[in-house]
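Structure, as structure tokens:
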Amino acid sequence: MMIPGVDGFMYPNEVELQWSVLIVLYPYITGLVAGAFILASLERVFKVEAVRPTYRLALLTALAFLLVAPLPLQLHLGHPERSIEMYLTPHRSSAMAMFGFVYLWYLTVVLLVEIWLEFRPDIVRMAQTAKGWTRLVYKVLTLGSMNVSPAARAIDEKVGYFVTVVGVPSAFLLHGYVGFIFGSVKANPWWSSPLMPVVFLFSAMVSGIAAVLVLYVAAMKVRKTPVDMRCVDTIAKYLFYMFMIDFSLEMLDLVHRIYESDESFRSLDFMVHTRLWFSQVILQICLGTLLPLALLAITQLWRVAEGKRRLMYVVASCLTLVGIFAMRWNVVIGGQLFSKSFLGYTSYKMGFATREGLLPAIALMLLPFLIFWVLVKLLPPWLKRETA
Amino acid sequence: MMTRRDLFRIGGKMLVLASVGATLEEITGAAPASEAYKMADHWWGMLIDIDKCIGCGNCVRACSKENNVPNGYFRTWVERYEVPEEGQPKVESPDGAMNGFPLPAPANVKSFFVPKLCNHCADSPCVQVCPVGATFLSPDGVVLVDQTYCLGCRYCVQACPYGCRFLNPETNTADKCTLCYHRITQGLTTACCENCPTGARQLVDFKNPKDPIHEFLRHNKVQVLKPYMATEPKVKYHDLDGAVR
Amino acid sequence: MRRFLQDWAHLLLPAGVLIAGLGVFLVIRAAVVPKSFGEYGHYRGAALEMIRQKPVSYAGQDMCVMCHDDQAKVKAAGKHATVHCEACHGPLAKHAEDPAANVPKLPDVAVLCKRCHEQDPAKPSWFPQVVTAEHSGGMKCTECHQPHSPHIATEADAGSGRGK
């Protein structure tokens, strides 16, 4: 009569988890996109000159992850071939229905346009100098115009600025909206919270900024080029501020839940102390939030030598990335471990080489890096000192 | 005797053929159900009387047979609550009560059975969240899934406060109680109601002025599950204990 | 002016591609969306008919009574009046369709009666229930009780009510 993995009482249909590790990847990856784009727009819209060296890198990072973002969803669907229905007959009252449109808008109107405008001079130059089939690739990418005259570039600059201005709220929308998908489920007290979109948004920025920082330092290492410390310092500063806001919001949510102690509290509290103890308390809060915040705080408060500082940034960023992943995990998986009767708990059994198992999850997490590598080869984001 | 038997047998086949249906109408004095059925005239729901449920599991088995529900998933199930004076209730539903409850509850604690099924909410969160319109509230008040249109995203499963939905592993689409739509639209009751030996489950048509539900509601106190969810369930419970979630 | 247009020209193609994409989408949408979509609401209206087409397994009490009215009369007068035929005999729509080809099996009494009448404090107190092992001493329920009208009217039931 005992069901393996179940304590107490679950409604019989609740025993099996519906949203797997792939649905953990989805907000994680879109979060990285939104965060990287917002970092890029710092330079463009908010005129933070110091982060200029990462502008193009951040755009390519955002694109690499954005291209992968819908794949975990697609793989998770019971009928992937029907996903087109989201575009054909989107249900206006569904928080999920808009994803396709927000995604396409963001991909085509914002990110691709901005990247194309930014890289146009490079594309045109390559189309003239490259040889063989690569020349053809660049020829296609010019979209039929070799005009990079100062007047044309001035127009590009204006349009690019406009696209970025549109892009910032779009990035907010893309990820705030992902938070709303969870935050609007009134049946699930672990998710249902008006703070959810805001928490998702700030954690997205935190993860995106951390990812670009790590990628930038790593790329400089590979290219044996000195890291621009002014740039990294500025990014780390923003990371610290965003993280503080993110952490405050999450703590606000926690305090609110504890103080209100509604009917779900006893059940959720027990879950955090048992099944989520490692991923929530140890991984997300201690290792993934408090430790990187402490490292970043030290660099903000005291003078630390350059080499050490860089190392602290990288370590803090890596921990942040792990912490935000744990946060997504705890939201998505944690929200399904307890019964909506508040009388029991189930457990998540992750497959390995199954459609929604660990293996495809790892593959999907590596894919953006592969795409990123291709993009960097195709459109080198490095600033030429002589031309810049 | 034989003629009546035969007549009825033919009558079943006549339902499909409209022209022959007219003949049937003349003979039996009733229009064939599937022809006469007007969605606008009905608003379906169910009345569950806790004080009549004996936990036999007949409804669960009948539902499974009528609707080919895959093993381990439930369109309806029965829970047994043991509610102590203080502390948390203990709830069981072994295999959804497919074989009833093999072991009796302890005698020193208040205990009772609670049959569950889709509440066919008038303001249903599962319908609200479906991204493509694959699940919907029919004009006659039944929440249904279009198996040929569902993506299998399972947002509806997450959104249901009552745990009534699942992903059918055979169709890879969301699945749930249809209130035996194929039966009630031709004048039959649901498989669970048909097979409930004590009448603990009653199919209800709120739009039918002759339905006994109106008389019942005038004289009895009823409750719905999780009323604070404001989903307006059309499955009403009589004698429901406050401990039931 | 001409010079100005020339410098904008390179943006026309991407803009054109986006607009053309939107156009193609709208055309595909108009062609692919099921005809009955939106007939009653945001769903495929034809789905209702599709769901109604599912065959039934349980014929329903009224159908059984059409032919077996003799047993039905006995049952209606007894303690099992609320129990419909198929609740014990199983799904018999096929039998109703073709009685000769689909002859139902009699239910296994040893399993059947216990499901309802085995003692459980969770059952409502008005419901007749016994600890079967003690009650019958291994005898089949049908040795004493007639399933269509199980009440045994003897002087014994005036005392204990066990014979209900």
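Restricting to the range C:121-144, what's the tally of residues that are without any contact (Cβ under 8 Å) to a residue 24 or more places away in the chain and either closer than 18 Å to C:Lys79 by Cβ or assigned to a loop (DSSP other than H, G, I, E, B) (or both)? The number of residues fulfilling the criteria is 16.
Taking residues in the range A:90-101 that are facing chain B (nearest Cβ under 7 Å), and partners anywhere that are among the small types (Gly, Ala, Ser), the pairs with Cβ atoms closer than 8 Å and at least 6 places apart or on different chains are A:Pro90/A:Ala97; A:Pro90/A:Gly100; A:His91/A:Ala97; A:His91/B:Gly133; A:Ala95/A:Ser184.
What are the residues in the range B:112-123 that are over 15 Å from the mean Cα position of the chain (by Cα) and surrounded by 24 or more Cβ atoms within 10 Å (Cβ to Cβ), if any? The answer is B:Phe113, and nothing else.
Would you call A:Tyr313 more than 14 Å from every other protein chain (Cβ to nearest Cβ), assigned to a loop (DSSP other than H, G, I, E, B) and touching a residue at least 60 places away in the same chain (Cβ under 8 Å)? Answer is no for this residue. Among the criteria (1) facing chain A (nearest Cβ under 10 Å); (2) within 24 Å of B:Ala122 (Cα to Cα), the one B:Leu47 does not fulfil is (1).
Checked against the criterion of being touching a strand residue (DSSP E or B) at 6+ places or on another chain (Cβ under 6 Å), buried (at least 20 other Cβ atoms within 10 Å of the Cβ) and part of a loop (DSSP other than H, G, I, E, B), the candidates B:Leu240, B:Leu188, B:Leu179 yield just one match: B:Leu179. For the residues A:Leu117, A:Leu112, A:Leu107, A:Leu143, the requirement of being part of a loop (DSSP other than H, G, I, E, B) and in contact (Cβ under 8 Å) with a residue 24 or more places away in the chain singles out A:Leu143. The range C:1-120 holds helices (runs of 4 or more DSSP H) entirely within its bounds, and those carrying 2 or more residues that are touching a strand residue (DSSP E or B) at 6+ places or on another chain (Cβ under 8 Å) and more than 30 Å from A:Lys139 (Cα to Cα) map to C:46-52, C:69-77, C:109-117. For the range A:90-104, filtered to residues that are part of a helix (DSSP H, G or I) and of a type in the set (A, V, I, L, M, F, W, C), the residue that is surrounded by the fewest Cβ atoms within 10 Å (Cβ to Cβ) is A:Phe101. Identification of strands (runs of 3 or more DSSP E) wholly contained in the range B:95-158 with 2 or more residues that are within 11 Å of chain A (Cβ to nearest Cβ) and not small (Gly, Ala, Ser) yields B:110-117, B:135-137. Scanning the range B:162-169 turns up one or more residues that are surrounded by fewer than 21 Cβ atoms within 10 Å (Cβ to Cβ) and in a loop (DSSP other than H, G, I, E, B).
Taking the range A:318-372 as the range and being charged (D, E, K, R) and exposed (fewer than 15 other Cβ atoms within 10 Å of the Cβ) as the test, the residues that pass are A:Lys349, A:Arg355. Residues in the range B:82-94 that are more than 8 Å from every other protein chain (Cβ to nearest Cβ) and not hydrophobic (A, V, I, L, M, F, W, C): B:Pro84, B:Glu85, B:Glu86, B:Gly87.
Can we say A:Lys131 is over 30 Å from A:Phe202 (Cα atoms) and either loosely packed, with under 15 Cβ neighbours inside 10 Å or in contact with a helix residue (DSSP H, G or I) (Cβ under 6 Å, 6 or more places away or on another chain) (or both)?
yes
Per the listing C:Lys105, C:Lys75, C:Lys94, the residue uniquely surrounded by 16 or more Cβ atoms within 10 Å (Cβ to Cβ) and either at the interface with another protein chain (Cβ under 7 Å from one of its Cβ atoms) or of a type outside the set (Val, Ile, Thr) (or both) is C:Lys75.
Bear in mind that the values in this text are calculations on the coordinates, not laboratory data. All values reported here derive from a predicted model rather than from experimental measurement. Because the Cβ atoms are built from the backbone with ideal geometry, glycine has one as well, and the counts that use them run over all protein chains shown.
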